[in-house]
Amino acid sequence: APLPVDWEHPGRERQRACDFQNDPPCGPCDGLGGARWGDSPEEMRPMPCEALHGPEVPPTTRGRYPPLARVDLTGDFRSPLAVIPTGPGKYGPLDGKLSLGWKDGVMRMRYDFGAAMISMQTPEQAQQQDPGATVIIDHGRCVCQASVAGNMHVRAFEAEDPLDPLKLPPNQGGAKYLGRVRVALDGSLAHSNGTAVADHFMKWAFHFLVDADANSPSFGLPLRLYGPYGVRQVFDSWQVGNPSIMQPDIWKMPADCKITAPACSVFEKGAADESLVI
């Protein structure tokens with residue numbers, strides 16, 4: 001349910017959290033949040049935002065990630081992650097890398113934050129609600145286990161996402177374009193803490209900004225992902241292309257990795273299917 005009015009700064013509750021249940025509906029600058037240190041709207045530094053136009057003007061970008069790429073990211077995260085908090089959360093900083101390898105019939109995703117976390121899932125697993133497997137490599141120790149949740153979809157913020165079995169309409173939580181904004185990005189790296197023009201996409205309670213400046217080197221690429229009680233990821237310096245070219249073993253499970261679930265067999269899948277999974 002929508003948050004109650006923040007009487008100290010009315011409207012900040014819609015900056016902190018805005019989804020398909022809000023009335024009036026979320027506008028171009030709603031739901032983008034900011035740096036957080038607690039769960040309330042007052043425990044947040046809202047990201048400056050100016051609405052340039054609403055959804056009446058079509059976007060020039062798409063609500064998607066590149067299927068093959070690496071990127072630096074900063075921001076913060078909540079522990080535990082929550083859709084509807086049942087108790088207070090703790091917030092910590094994010095500083096790491098995200099790698100995407102959606103090819104060969106496998107959806108690959110890797111986070112490097114000191115430790116490495118590599119997740120793999122096939123489209124067939126996704127369609128069967130099987131979350132796939134995750135390898136965690138931390139200080140020389142390795143374990144492979146069934147994933148807690150499936151991999152994020154590179155086309156999650158598009159209404160026609162082929163991996164979304166529900167395809168809900170926007171007024172029930174499906175993908176929606178909210179308009180174009182000018183924001184002062186709140187990342188911690190050189191290219192993610194300046195002013196940017198972005199197309200704003202929403203799905204459920206998640207908000208996704210894509211670079212809409214045709215003169216920008218990251219035009220059409222994600223700038224920021226925000227969930228009110230999840231992550232705030234600000235992307236910096238996209239390198240579009242197959243990450244395994246730069247790091248051949250990036251998706252490899254170490255030979256001595258402790259396997260705890262049958263789902264880990266996804267890491268043994270060959271490269272017979274050369275088509276992109278998008």
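Each value in this text was obtained by applying a stated rule to the coordinates, not by laboratory testing. Values in this document were obtained by computation on a predicted structure and should not be read as measured data.
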Taking 0.36 nm per residue of separation between D23 and V5 and subtracting their Cα-Cα distance, the length gained on full extension comes to 5.3 nm
Residue-normalised 222 nm signal for the chain, counting each DSSP H run of n ≥ 4 as -39,500 (n - 2.57), nearest 500 deg cm²/dmol, is -1000 deg cm²/dmol
Residue-ordered couplings for region 44-55, obtained by feeding phi - 60° into the Karplus form 6.51 cos²θ - 1.76 cosθ + 1.60 and rounding to whole Hz (Gly and Pro as x), are 7, 10, x, 6, x, 8, 10, 6, 9, 6, x, x
Compactness check, the chain: C-alpha Rg relative to the 2.2 N^0.38 Å globular estimate gives 1.00
With a 27 Å threshold on alpha-carbon distance, the violating pairs from K90/K203; K90/K167; K103/K258; K97/K258; K97/K269; K176/K252 are K90/K167; K176/K252
Region 149-219 -> Rg/Rh from Cα coords, Kirkwood Rh, value 1.02
